[in-house]
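Below is one structure, written out as structure tokens, with a few remarks after it.
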Amino acid sequence: MTSPRTEWRRPMVARDPQESHRAASPLELLFDLAFVVAIARAAAELHHAIAENHVGAGLSSYLLVFFAIWWSWINFTWFASAYDCDDAPYRALALLKMAGVLVLAVGVPDVFRGDLGTVILGYTIMRVAMVALWLRAAAGDPSRRRVCRTYAVGLVVLQVLWVLLLLVPAPWIYVGAVVLIVAEVSLPPLAESRGPATPWHPEHIAERYGLLTLIVLGEVILGITNAFAGALTEAGFSIGLLVLGLGGLFVVVGLWWIYFLAGDDEGLTSLRVALTWGYGHYLVFGAVAAVGGGIEAAVDVEEHIAHVSPVTAAFSVAVPIAVVLVTLTLLRRLTWAAGSLVPGLAVGGAVGVLVCAALAGLVGDGVSILLMGVVLLVVLVAFLLTARRRARVHA
């Protein structure tokens, strides 16, 4: 029988990367809910920037703040895959990190106005939790003590530099932010090179990434809901918004199905592949959430409350869709079996949605987005038929 002391505090030993039936824990699901707020606020600010025709500035701020959100998620997710002991101190530190995420979420609109202070405060809170977790791992896993301590020291140094960055005047603060982002993504390869790699679980990691994909797809669904709400009001019936909502529904189904064709975990067989696949998802997650912001902007255009053209609004949906298709295809060339995917399908789909966006000036952004959804479904069917044909060949 487990003693009360063991239930309260367990040694933080490495998890078995071959553990069967490893799935996301209730704590991890709760942790993800904090990111719903942050991602929603980032997508909403991007939507407003597009609608006000501040696309360039809005996109730059969005890419920066979405990196902050995504990187804080990835830091904890990979650690938890290797060292989740689910005792009381572990849960307390995870909840502290959640508090930092919520502070970060409060600061998202400030980033679009050039103020990084609140986001850096949120990161400071999260870094306290992560440093404590890595030091616990160093104590509980002697074989990887050097790796864990490198993570802990690296996080402390990076966070001190982020705080000092607040003293740098604009526009140099953004140059400094880019330099620190490069340093952030360089820390895991550096740390992992200093000993046996941390024992992340491929199936668990693939599931966790899938769960965050569902969260960012929620931003697209929110845009669709607003389109339908605008189409069905007491003031009248809008065919344009109804078509836009239907197109958005096709888009979200296409993106969801293409992402969840499965098999990514089977290819996560090395640290190099895992880091490339994991880092590449910054573009996937950021682009999917941006689709939601673009659809919201397109709704504003249909309702005549935006200061942007239908073509610009349509491209704000088409470009991130194209990014998702191309990025996923490149990543799956690493994780899928050779010959199991046809890159030309993704490239053709990317070109197709961009052409649809260019037609928005003639047919309206609602019809344009409907055509994008049709293109995505055609690409999906082509992928499914290709997979079926290849399965018959290898049977």
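The values are calculated or read from the model by the stated rules, or taken from the named source; none is laboratory data. Worth saying up front: this structure is predicted, and the values here are computed from it rather than measured. Here the Cβ is made from the backbone with ideal geometry for all residues, glycine too, and neighbour counts use every protein chain on show. Side chains included, ligands, DNA and RNA excluded: accessible areas come from the protein's heavy atoms. Shrake-Rupley method; radii C 1.70, N 1.55, O 1.52, S 1.80 Å.
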- [ ] Report the residue count in segment 367-390 for those that are hydroxyl-bearing (S, T, Y) and more than 30 Å from S238 (Cβ to Cβ).
- [x] 1
TODO: Could you tell me whether L371 is in contact (Cβ under 8 Å) with a residue 60 or more places away in the chain, assigned to a helix (DSSP H, G or I) and open to solvent by 60 Å² or more (accessible area, probe 1.4 Å)?
DONE: yes
TODO: Give me a count of the residues in segment 78-111 that are over 22 Å from P202 (Cβ atoms) and open to solvent by 10 Å² or more (accessible area, probe 1.4 Å).
DONE: 14
TODO: Return the residue satisfying two criteria in turn: it lies in segment 317-351 and is of a type outside the set (A, V, I, L, M) and open to solvent by less than 20 Å² (accessible area, probe 1.4 Å), and of such residues it is nearest to M372 (Cα to Cα).
DONE: G349
Open item on the list: Against the definition (under 21 Å from G154 (Cα atoms) and either charged (D, E, K, R) or open to solvent by less than 40 Å² (accessible area, probe 1.4 Å) (or both)), how does L133 come out, yes or no?
Closed with: yes
TODO: Please find, within segment 56-77, the residue that is nearest to V131 (Cα to Cα) out of those that are crowded, with 18+ Cβ neighbours inside 10 Å and aliphatic (A, V, I, L, M).
DONE: I74
TODO: Select from segment 72-104 the residues that are free of Cβ contacts under 8 Å to residues at least 24 places away in the same chain and within 17 Å of the chain's Cα centre (by Cα) and list them in ascending order.
DONE: none
TODO: For A262, state whether it is farther than 20 Å from W336 by Cβ and either out of contact with any helix residue (DSSP H, G or I) (no Cβ under 6 Å at 6 or more places or on another chain) or open to solvent by 10 Å² or more (accessible area, probe 1.4 Å) (or both).
DONE: no
Open item on the list: Between a residue in segment 204-217 that is acidic (D, E) and any residue that is open to solvent by 10 Å² or more (accessible area, probe 1.4 Å) and assigned to a helix (DSSP H, G or I), which pairs come within a Cβ distance under 9 Å, given they are 6 or more apart or on different chains?
Closed with: E207/D265
Open item on the list: Given the condition over 16 Å from E219 (Cα atoms), at pLDDT below 95, in a helix (DSSP H, G or I) and not acidic (D, E), answer yes or no: does some residue in segment 6-17 qualify?
Closed with: yes
Task: Residue count, segment 228-254 (criterion: under 30 Å from I205 (Cα atoms) and either among the polar types (S, T, N, Q) or out of contact with any helix residue (DSSP H, G or I) (no Cβ under 6 Å at 6 or more places or on another chain) (or both)) - done: 1
Task: Odd one out for S270, checked against (1) surrounded by 15 or more Cβ atoms within 10 Å (Cβ to Cβ); (2) over 20 Å from W71 (Cβ atoms); (3) of a type in the set (S, T, Y) - done: (1)
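Listed here are the residues, each with its yes/no results for (1) touching a Lys or Arg at 6+ places or on another chain (Cβ under 8 Å); (2) at pLDDT below 95; (3) in a loop (DSSP other than H, G, I, E, B); (4) under 23 Å from I39 (Cα atoms).
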| residue | (1), (2), (3), (4) |
| --- | --- |
| A290 | no, no, no, yes |
| G294 | no, no, no, yes |
| A306 | no, yes, yes, yes |
| F315 | no, no, no, yes |
| V319 | no, no, no, yes |
| V323 | no, no, no, yes |
| L330 | no, yes, no, no |
| R333 | no, yes, no, no |
| G339 | yes, yes, yes, no |
TODO: Report yes if some residue within segment 177-193 is part of a helix (DSSP H, G or I), within 22 Å of the chain's Cα centre (by Cα) and among the charged types (D, E, K, R); otherwise report no.
DONE: yes
Task: Residues that are over 15 Å from F250 (Cβ atoms), of a type in the set (G, A, S) and over 25 Å from the mean Cα position of the chain (by Cα), drawn from segment 349-381 - done: A358, A360, G361, G364
TODO: Return only the number of the condition from (1) in contact with a Ser or Thr (Cβ under 6 Å, 6 or more places away or on another chain); (2) more than 21 Å from L222 (Cβ to Cβ) that T276 does not satisfy.
DONE: (1)
